[in-house]
Amino acid sequence: MTTAPRRIDVHQHVVPPFYRDALTRAGIAEAGGRALPDWSPEAALDLMDLLRTETAILSVSTPGTGFLTDPGEAAGLARRLNDHSAAVTAEHPDRFGWFATLPMPDLGASAKEAERALAELGADGVTLLSNTQGTYLGGEGQDALWRVLDARGAVVFVHPADLPAPAVDGIPPFAADFLLDTTRAAYLLVRNGVPRRYPNIRFVLSHAGGFVPYASHRMAVAIAADTGRSPLDTLDDLRGFYYDTALSSSPAALPTLLAFARPGHVLFGSDWPFAPAPAGQYFASGLDNWVDPHILTAVNRTNAEALFPRLAARAPAQAPARPLPVRLRQSAQRAGARLFYKLIQPGTN
């Protein structure tokens with residue numbers, strides 16, 4: 001490519017030291033079967049320069065605050081996480097944005113914190129886990145939260161969590177269970193009419209929506225049989241979600257996603273630091289090498305600019321000049337990732 005893509009990464013995580021400490025005190029050392037990674041703003045910026053990402057929207061991954069049983073403690077931790085993310089963004093306004101953490105499944109406290117984060121702290125949206133303590137998005141009785149988010153025209157970043165069931169030995173949750181968890185939430189949201197009753201909410205589904213694009217017609221038939229709604233309406237609702245490409249821009253998954261999602265609804269995502277740099281490079285290479293240049297520009301940036309208009313108004317951010325050895329190393333890493341991507345693809349015989 002002759003020019004840097006200026007990516008907007010809508011799926012990048014923040015792991016502040018105080019949050020890691022809180023998880024450690026609760027006996028939690030991993031998320032989704034992966035050890036909690038190290039994180040710092042400086043490391044995030046290094047990764048962004050490697051992937052040629054201009055702006056990353058930060059979010060807290062699973063378990064969010066859902067590991068705390070005391071509602072007051074959960075609400076307090078959510079406030080602290082949001083204050084931290086707002087401060088990181090204020091220090092690097094051209095490079096970061098953030099999604100607010102909400103203390104689910106407490107709907108009242110979540111609605112209150114969403115209002116504070118969006119109205120007072122300038123959050124770009126909110127993060128909601130597909131399920132918290134076994135309670136799924138789209139279930140009954142969540143209208144108090146949806147009303148607040150709809151009134152704000154909020155972006156809701158839907159991130160998977162561990163299934164409310166024991167993990168299967170040998171299958172790390174992030175590899176398969178997370179995809180089902182997102183699919184369950186999307187199914188319930190559509191089945192119970194949340195996108196239609198609250199049309200100002202823009203939902204972003206992680207990891208290409210789990211199994212949604214692949215299983216959409218099967219799901220539409222099931223919802224039609226259950227509710228009497230037209231399967232075409234159900235498919236339209238499913239297509240209306242936004243989808244990120246984190247760990248999903250492979251030659252198997254990406255064509256299905258692009259064929260299914262509504263135009264303008266596919267966004268770049270990396271899942272760093274839970275997905276290490278080599279994984280981010282591999283899937284970014286898939287995007288760069290497979291997609292038509294016009295679609296690539298849309299996925300990398302312009303689709304996100306439409307979702308986050310404040311980013312469209314910015315002049316290109318100037319990344320700090322890196323020492324020559326660093327630039328050479330990053331160039332070699334990109335070339336190696338492109339070669340590895342091409343070598344690992346299945347044959348056509």
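The values are calculated or read from the model by the stated rules, or taken from the named source; none is laboratory data. Everything numeric here is computed off the predicted structure, so don't read it as measured data. Every residue, glycine as well, gets a Cβ built from its backbone with ideal geometry; the counts of neighbours run over all protein chains shown.
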Is one or more of the residues making up the range 229-249 out of contact with any Pro (no Cβ under 7 Å at 6 or more places or on another chain), more than 28 Å from Asp143 (Cβ to Cβ), modelled with pLDDT under 95 and surrounded by 20 or more Cβ atoms within 10 Å (Cβ to Cβ)?
yes
Hey, which of the helices (runs of 4 or more DSSP H) in the range 230-308, taking only ones fully inside, have at least 3 residues that are over 29 Å from Arg34 (Cα atoms)?
231-239, 293-297, 303-307
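Every residue, every condition in (1) farther than 28 Å from Gly286 by Cβ; (2) not charged (D, E, K, R), yes or no:
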| residue | (1), (2) |
| --- | --- |
| Tyr214 | no, yes |
| Arg218 | no, no |
| Val221 | yes, yes |
| Arg229 | yes, no |
| Leu232 | yes, yes |
| Leu238 | no, yes |
| Thr245 | no, yes |
| Ser248 | no, yes |
| Leu258 | no, yes |
Residue, surrounded by the fewest Cβ atoms within 10 Å (Cβ to Cβ), within the range 126-145, restricted to residues that are farther than 19 Å from Ala75 by Cβ and of a type in the set (Gly, Ala, Ser):
Gly134
Given the conditions (1) more than 21 Å from Ala100 (Cβ to Cβ); (2) without any contact (Cβ under 8 Å) to a residue 60 or more places away in the chain; (3) not hydrophobic (A, V, I, L, M, F, W, C), which single one is not true for Thr182?
(1)
Under 7 Å by Cβ, and 6 or more places apart or on different chains, what pairs join a residue from the range 132-155 that is basic (Lys, Arg) with one that is surrounded by 20 or more Cβ atoms within 10 Å (Cβ to Cβ) and not in a loop (DSSP other than H, G, I, E, B)?
Arg152/Leu118
Candidate set from the range 18-35 (those that are within 23 Å of the chain's Cα centre (by Cα) and among the small types (Gly, Ala, Ser)); member that is nearest to Pro172 (Cα to Cα):
Gly33
Could you pull out every one of the helices (runs of 4 or more DSSP H) wholly within the range 1-94 that has 3 or more residues that are buried (at least 18 other Cβ atoms within 10 Å of the Cβ) and among the polar types (S, T, N, Q)?
71-91
With a cut-off of at least 2 residues that are touching a helix residue (DSSP H, G or I) at 6+ places or on another chain (Cβ under 8 Å) and of a type in the set (A, V, I, L, M), name the helices (runs of 4 or more DSSP H) lying wholly within the range 97-211.
107-119, 143-151, 177-191
Residue pairs, Cβ under 6 Å, 6 or more apart or interchain, first in the range 245-270 and charged (D, E, K, R), second not in a loop (DSSP other than H, G, I, E, B). List them.
Arg262/Arg239
Got a sec? Which of Asn192, Asn200 is of a type outside the set (Asp, Glu), under 23 Å from the mean Cα position of the chain (by Cα) and farther than 27 Å from Gly269 by Cα?
Asn192
Quick one: count up the residues across the range 84-99 that are out of contact with any Leu (no Cβ under 6 Å at 6 or more places or on another chain) and among the hydroxyl-bearing types (Ser, Thr, Tyr).
1
Within the range 146-181, tally of residues that are surrounded by 14 or more Cβ atoms within 10 Å (Cβ to Cβ) and of a type in the set (Val, Ile, Thr):
4
